[in-house]
Amino acid sequence: MPSLSEAYRAHPVHVQHKHPDLNSLQELPESYAWTHTHMEDHTSNCGVNNESVPIIDLNDPNASKMIGHACKSWGVYQVVNHGIPMRLLHDIQRVGETLFSLPSHQKHKAARSPDGISGYGLARISCFFPKLMWSEGFTIVGSPLDHFRQLWPQDYDKYCDIVMQYDETMKKLAGKLMWLMLDSLGIAKEDLKWFSSKGKFKKTCAALQLNSYPTCPDPDRAMGLAAHTDSTLLTILYQNNISGLQVHRKGSGWVTVPPLSGGLVVNVGDLLHILSNGLYPSVLHRVMVNRVQQRLSVAYLCGPPPDVEICPHAKVVGPSQPPLYKAVTWHEYLGTKAKHFNKALSTVRLCAPISGLFDVNNSDQVG
Ligand SMILES: O=C(O)CCC(=O)C(=O)O
Ligand SMILES: [Fe+2]
């Protein structure tokens, strides 16, 4: 089975590797200055509506139903009472804080290689935009040991342990959330062979993405992370207590996802969009920056084994609901995404939805 690193390596995107230390800039360089045209703004009413992303208590007996509703109408929700210890959330935040506060030359020792996925660098989606994003990232697929040794020759063990523990814990939560989402679609554990191994959610692959958005001298003209959907089944995002994440909802425009103490944001990714036949749309999201406080986030990007075919599930298709997407493996889809970016979903689309049958939220403006 090809690994996730191999899948990424097979579809390199070309990201500029040398970039200035954002913390040292007093002015926004032109290369970072976005206009509304660059932002491909889908909005009319950014931030001026009262709608908010659903918050779901995982201890609620109706959690699956509520999750289903949130996925259908938003493609995103926040979870509380998810069982992840606060200590672990603080620990992973500390890893991010410590990592991004290292001197620039030190961080570059662990730079992502041009055809690799793991390591320090600009957002992989940078290459699809004419302007640079006001953020830095560190991607972890597999063990971070080699890179962490470069970053912290003395303390790497301590930070590796936290990452591995976070990864393990998130894997379990991702399993639980995935089951709840499938259940809300009427799909049982036995209905998804690759996914269930003795009733356990074992066979997934994941990447961990640490993001830092330094304070910005001209936030109105900068973009932390440009609008994108995740190429995952689902993404679990921890954000520190600084606002910045926005999700796009048809009819509402961009809606800020306020940080919730101990809460985690869950995004529907493109592969769940396909598996649900567009019933659960992958959510378009972006990150804005501010001039006062650094923002940090940690995304657990969860997908299937890279060589398993994902297609609209038999339980959600029928004579009146034809499959809208062809089968793709994650490996193939990463290739499609590397080529077509936000149009990737439409390139794997089989036919247009029958009007009125599907409440597909973002499906075609994101691809
Ligand atoms: O920083 C955030 O809130 C979002 C990060 C994100 O979308 C990603 O890493 O894919
Ligand atoms: Fe994302």
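Go through region 292-322 and give me each residue that's within 16 Å of ligand 1 (Cβ to nearest atom) and outside any loop (DSSP other than H, G, I, E, B). Matches in region 292-322: R295, L296, S297, V298, A299, Y300, L301, C302, G303. Only one of the numbered conditions (1) modelled with pLDDT of 95 or more; (2) in contact with a Leu (Cβ under 9 Å, 6 or more places away or on another chain) is not met by R94, and that is (2).
Of everything listed in (1) at pLDDT 95 or above; (2) touching an Asp or Glu at 6+ places or on another chain (Cβ under 9 Å); (3) surrounded by fewer than 17 Cβ atoms within 10 Å (Cβ to Cβ), the single unmet condition for A63 is (3). Apart from one condition, M181 fits all of (1) over 15 Å from the mean Cα position of the chain (by Cα); (2) open to solvent by 20 Å² or more (accessible area, probe 1.4 Å); the exception is (2). Flag not set for Y280, criterion: within 10 Å of ligand 1 (Cβ to nearest atom), under 17 Å from the mean Cα position of the chain (by Cα), crowded, with 23+ Cβ neighbours inside 10 Å and of a type in the set (F, W, Y).
Here C302, C311 are screened, and the one residue that is under 30 Å from L225 (Cβ atoms) and buried (at least 23 other Cβ atoms within 10 Å of the Cβ) is C302. When S5, S31 are screened for being at pLDDT 75 or above, assigned to a helix (DSSP H, G or I) and open to solvent by less than 50 Å² (accessible area, probe 1.4 Å), only S5 passes. If I ask for residues that are charged (D, E, K, R) and under 16 Å from G303 (Cα atoms), which ones from region 334-349 would you list? K337 - this is the single residue of region 334-349 that is charged (D, E, K, R) and under 16 Å from G303 (Cα atoms).
Here is a yes/no grid of residues against (1) of a type in the set (D, E); (2) at pLDDT below 95:
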| position | (1), (2) |
| --- | --- |
| H69 | no, no |
| M86 | no, no |
| H90 | no, no |
| T98 | no, no |
| S101 | no, no |
| H105 | no, yes |
| A123 | no, yes |
| D167 | yes, no |
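Do you know which residues across region 268-291 are within 14 Å of ligand 2 (Cβ to nearest atom), in contact with a Ser or Thr (Cβ under 6 Å, 6 or more places away or on another chain), assigned to a loop (DSSP other than H, G, I, E, B) and within 22 Å of I187 (Cβ to Cβ)? Answer for region 268-291, where residues must be within 14 Å of ligand 2 (Cβ to nearest atom), in contact with a Ser or Thr (Cβ under 6 Å, 6 or more places away or on another chain), assigned to a loop (DSSP other than H, G, I, E, B) and within 22 Å of I187 (Cβ to Cβ): G269, S282.
Among the residues making up region 97-114, those that are open to solvent by less than 40 Å² (accessible area, probe 1.4 Å) and part of a loop (DSSP other than H, G, I, E, B) are L102, A110, R112. When restricted to residues that are touching a Phe, Trp or Tyr at 6+ places or on another chain (Cβ under 8 Å), farther than 14 Å from R286 by Cβ and buried (at least 20 other Cβ atoms within 10 Å of the Cβ), region 216-234 contains 2. The one condition from (1) assigned to a loop (DSSP other than H, G, I, E, B); (2) among the charged types (D, E, K, R); (3) modelled with pLDDT of 95 or more; (4) open to solvent by 20 Å² or more (accessible area, probe 1.4 Å) that K158 does not meet is (1). Do the conditions hold for V80, that is, is it out of contact with any helix residue (DSSP H, G or I) (no Cβ under 9 Å at 6 or more places or on another chain), of a type in the set (V, I, T), surrounded by fewer than 21 Cβ atoms within 10 Å (Cβ to Cβ) and at pLDDT 95 or above? Against the criterion (out of contact with any helix residue (DSSP H, G or I) (no Cβ under 9 Å at 6 or more places or on another chain), of a type in the set (V, I, T), surrounded by fewer than 21 Cβ atoms within 10 Å (Cβ to Cβ) and at pLDDT 95 or above), V80 qualifies.
Counting only strands (runs of 3 or more DSSP E) that sit wholly inside region 165-267, those with at least 1 residues that are farther than 24 Å from Y333 by Cβ and among the hydrophobic types (A, V, I, L, M, F, W, C) are 253-256. Among the residues making up region 83-96, a single one is surrounded by 15 or more Cβ atoms within 10 Å (Cβ to Cβ) and not in a helix (DSSP H, G or I): I84. So, in region 216-258, of the ones that are within 16 Å of the chain's Cα centre (by Cα), under 13 Å from S52 (Cα atoms) and not polar (S, T, N, Q), which residue ends up farthest from ligand 1 (Cβ to nearest atom)? Out of the qualifying residues, it is H248.
Of all positions in region 168-177, at least one carries a residue that is open to solvent by 30 Å² or more (accessible area, probe 1.4 Å), of a type in the set (V, I, T) and either under 15 Å from the mean Cα position of the chain (by Cα) or more than 15 Å from ligand 1 (Cβ to nearest atom) (or both).
The values are calculated or read from the model by the stated rules, or taken from the named source; none is laboratory data. Predicted model only: the values in this text are computed from it and were never measured. Quick reminder, even Gly has a Cβ in these numbers, built from the backbone with ideal geometry, and neighbours come from all protein chains shown. Calculation scope for accessible area: heavy atoms of the full protein, side chains included, ligands and nucleic acids excluded. Shrake-Rupley method; radii C 1.70, N 1.55, O 1.52, S 1.80 Å.
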